[in-house]
Amino acid sequence: MNELIERALDAAERGGAGYTEVRVAERETEQLTVKNGALEAATSNVSAGFGIRVLVNGAWGFSSSRSLEPAEADRVAGEALEIARASALAQKGPVELDDSPPVTDTYRTPHDEDPFAVSLDDKLRVLMEADAGMARVSGIAIRESNLSFGRERKTFASSAGSRIEQEIVEAGGGIEATAVNDSEMQQRSYPNSFGGQVVTGGYEAVRHLDLAEHAQETAEMAVALLDAPQCPSGEMDLILDSTQVALQVHESCGHPTELDRVFGTEASFAGTSFLTTDKLGHLRYGSEHVHIDADATAPGGLGTFGYDDEGVAAQNVPLIEGGMLVGYLTSRETAPRIGRRSMGSARAWSWSHIPLIRMTNINLRPGDAGSLEDLIADTRDGIFMSQNKSWSIDDRRLNFQFGDQAGWIIKNGKRTQLVRNPTYTGITPQFWGSLDAICGPEEWTLWGLPNCGKGEPMQVGHVGHGAAPARFRNVKVGVGRW
Amino acid sequence: MVGNAEVAGLLERVLASSSSPQTEVLYLGQDSALTRFATNYIHQNVREHDASLQVRVVDDGRVGVAATNRLDDGGIRDVVERAAAIAARSAPNVRAAVLPEPDGREHDPELGYVASTADAGAELRAEGARAVIAAGEANGLQSSGSFSTSVMTVGVANTHGIRAVHRSTRAALLTVMMDGFASGAASGYAQAGSTDVAEIDAEALGLEAARKGDEMRGAGELEPGEYEVILEEYAVAGLLEYLSYIGFSGLALEEGRSFMEPGKRVMGETVSIHDDGSDPSGLPSPIDFEGVVRQPVDLIANGVANAVVHDAATGARAETGSTGHALPAPNLVGPMALNLFMDPGFTPRDELIAGVERGIWVTRFHYINPVHPKKAILTGMTKDGTFLIEHGRLTRPLLNFRFTQSVPEAFSDVRAASRETKLVPGEFFGAARCPALHLGSFNFTGVTASEGGA
């Protein structure tokens, strides 16, 4: 591998590159799904290759190949140089990177139990026991239990002198029960929708989930939702569970603080951002209770790593402080434009992708409202919603609408009627401005979100969001005709 | 780039190295390039060469799947061993243990392959970007977008005798033109896709987006509610893509998750939607990821739910057989209709608007997502060209709306469809060729009136 890297760096420099990065990576994944008592999917995937990104006269070029033969480095470097020269045909000005220093280091995800060393039999037993728990409930049409594991080994080298080796290990899983009748389909998941919970860490994370223990109650809720009344429409106080707060943070704070979006470089696909740089330090984004950090160092977070894919060390930086916009997610190219150095959030999905500004762990700090039950008891009338099943937000990250799996009407501080198909909608700063209470640290969970899409070609991002249940006043709920 | 014959040889080598009773090998090759521009300059410019082998083995009902992008002997040996090892320790599952058999139908192995697209270089894409940017600059607009060219190769072989290889090319150009990022900023859009890069007219696309962006200056608010709408082809294609995802799959129907009820009227009688992977007026993909030749399937026939698409497993359970719409195994999503066609109407596109007394013109939708799959209720935002229609003409640009709407319900009142159709590459997969539509009612549930502050 060293020969390939050195050859790539040398070929790029000889070809006229002013700056070169080489990333060599191998990603292993294992995914297991039991559906209705049978092993529906069991896969083991390996993908390896390398990518070369060059700056030639301040214009970017990138090429990549699955072939790790050293001679391929010459060809791919040449292709990257040719592409960079084509980029110069429509160039505004030379790209200038920040002065982040070169680094030589290694990083490995701390974990107790290598998930790839655990036998398939043990993993299947976990899934089958969870499936059996859901099967105890009649009326469930689809029972799904899944486990997923990943390991990426990658080496980053730059012409500035960086040499960084990392091994990122991921593990997670979840269960989902689906109940269906002639007109409705209702789902309930544990511990979260869309695959459950995924973290950086080892198999101990799966043991901690204890899927079987929660299987029966998960299935019972799916069945109960079928016959629950439709969520009412109107404006009311809204309490979200920590999973939905996490997704709300993702869509309405994480994405709009990506500085590439702010500068318009995602305009044609993911969109732009209402958080333009003139608002930095001036915009009241939310109420005084809202403190949001980008923390790539948080233990176990799915957005936790040692160094980003530009070789910048993982950091913890505030984005929203006391409701005010104070920071952005940045890269080496974008940070200097606001007079800062990269905070290390340029991440590439694989060896064949360039680094884009991606979320790390975007965390809403816990508050002092106690437990979820304390918060409900403190709410005279309203609605509590739990676990996402639908999301949409406009290109500037202002106008959003979310649907959840379950809702409960709150009357006189008590959780009462279960309702189905709960939805809510709002405008980002007004919504965060209406937040008046966040539960305490005992309710705070660092959720993994493994399906964040961005960029062309589309890249998948693995990010994290720490959140506790929170209350928002006078929110429009029950959207649409049902 | 690897040719079809070389892929066929590779597939045979993999099959020969497997000792499992049943084995399927899927080859996916990709040689793709994408030039991306924003605020009038090229900021990302990438190329990728990748190819992978996915091996599915079936042994007494036990299934294992493994994949690798190492194509040498060691890689082949490793991927076959991993798949067999998983199968050996798996529980039997007859639902998933179905490999298709040859059905005697043939396909053109290079349908939709155009050499000039395969050979397109970074300079050609950069020139396309420059043409778009120039059109925007002439109208005081900043252009963003992407220009991509790619070669995709799919090859499948299995121990039942399936042997299929197909390669095709794609070229796609899209642009969003804006005059800023503030509320009410003008924005316009244009997109085109083809197997032949020579058919991508960058200058014409630039002019289309620039004209739309120019017309969007000074957008104002309108109360959300139910309105008649004209949906341009981009908007219609976005809805079709999601209908396919949530409803046209045999698995969704089998599990009761689909709005499709075979034999029941679910849309207006003028609405017919079919899937055809071999129609050269789309972006052809004549074989699926199990090597089965895609059959044309009439999904909606004159408003009636007629059929759904199947892979080998759902086709066996439905006793219809595969229609050739498998995704790569193991596939929890189910089969997918990727080559959609909606029948045109009889109204010249330019005359659609004449039939609208008061309504809204929608160029495209952004960030569509299902709210309720079984009712096919979707939500999303309008984008890049939303206008008020009064007395049969556009009277003013509007701030973007959020919609929350059942698509079958909306398609139950199609007042007119354009006689022309446009091919629109999917945002996430496939493509749709469809007309512009005049619908009697569409439910807009919100508007982005002002960002304000907290």
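Please treat every number below as a calculation from the coordinates, not as lab data. Everything numeric in this text was worked out from a predicted model, so none of it was measured. All Cβ positions, even for glycine, are placed from backbone atoms using ideal geometry, and neighbour counts span all protein chains on display.
Here are the numbers for this structure:
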read-out	value
Per-residue ³J(HN,Hα) for segment A:30-36, Karplus 6.51 cos²θ - 1.76 cosθ + 1.60, θ = phi - 60°, Hz, x for Gly and Pro	9, 9, 10, 9, 9, 10, 6
Neighbour net charge for B:R217 - beta-carbon separation under 14 angstrom, K R +1, D E -1	-1
Alpha carbon centroid spacing (whole Å) that separates segment B:77-139 from segment B:191-225	28 Å
Which of A:T272, B:V80, B:F289, positive extreme of dipole for the protein assembly as shown (C-beta unit charges)	A:T272
Charge context of A:I410, other residues only, Cβ under 9 angstrom, K/R +1, D/E -1	+2
Amide proton proximity set for B:L399, modelled H, under 5 Å, gap of 5+	B:G220, B:E221, B:L222
Centre separation in Å (Cα based) which lies between segment B:377-396 and segment A:213-276	26 Å
Among A:I383, A:N363, A:P469 the positive-end extreme of the charge dipole of segment A:234-477 (Cβ point charges)	A:I383
Ellipticity estimate at 222 nm from DSSP helix runs (n ≥ 4, -39,500 (n - 2.57)) divided over chain B, nearest 500	-6500 deg cm²/dmol
Unit charges on C-beta of K, R, D, E only; dipole of the protein assembly as shown, Debye	1080 debye
Long-range HN-HN contacts of B:R415 with modeled amide H, under 5 Å	B:H438, B:L439, B:G440
Within segment B:4-211: Cβ-based charge dipole about Cα centre, in debye rounded to nearest 20 (Lys, Arg +1; Asp, Glu -1)	680 debye
Residue-averaged 222 nm ellipticity for chain A, from DSSP H runs of 4+ at -39500 (n - 2.57), nearest 500	-5500 deg cm²/dmol
Phi to ³J(HN,Hα) by Karplus 6.51 cos²θ - 1.76 cosθ + 1.60 over segment A:77-84, Hz, x for Gly, Pro	4, x, 5, 4, 5, 5, 5, 4
Positive-pole candidate from B:G446, B:A417, B:G385, dipole of segment B:226-447, charges at beta carbon	B:G446
Isotropic mean projected area of the C-alpha convex hull, the protein assembly as shown (nm²)	32.8 nm²
Whether segment B:4-211 is rounded, prolate or oblate, judged on the alpha carbon gyration tensor where a/c under 1.5 counts as rounded	prolate
Prolate/oblate/rounded call for chain A, Cα gyration tensor, a/c under 1.5 rounded	oblate
Least to most buried among A:F269, B:F428, A:F149 (fewest other Cβ within 10 Å first)	B:F428, A:F269, A:F149
Antiparallel bridges, percent of DSSP beta bridges restricted to the protein assembly as shown (to nearest 5)	90 percent
Trypsin sites (Lys or Arg not before Pro) restricted to DSSP loop in segment A:131-195 with at most 15 other C-beta within 10 Å	A:R136
Under 5 Å, built H, 5+ apart or other chain: amide partners of A:L319	A:I292, A:D293, A:A294
Computed label-point distance, nm, for sites A:N316 and B:D196 using a 7 Å Cα→Cβ extension	6.0 nm
From phi via Karplus (6.51, -1.76, 1.60), per-residue ³J(HN,Hα) for segment B:76-82 in Hz, x at Gly/Pro	5, 4, 5, 5, 5, 5, 5
Calculated FRET efficiency for the pair B:R105/B:R211, C-beta based, R₀ 41 Å, to 0.05	0.35
A:Y19, B:Y242 arranged by Cβ crowding within 10 Å, fewest neighbours leading	A:Y19, B:Y242
Alpha carbon centroid spacing (whole Å) that separates segment A:88-102 from segment A:397-436	44 Å
Cα gyration tensor shape for segment B:205-306, rounded if a/c is under 1.5, else prolate or oblate	oblate
Residue list for segment A:23-40, given a label point 7 angstrom along the Cα-to-Cβ vector of A:S119 and an amide N cut-off under 13 Å	none
Surrounding net charge for A:P299, when Lys and Arg each add one and Asp and Glu each subtract one, Cβ distance under 15 Å	-4
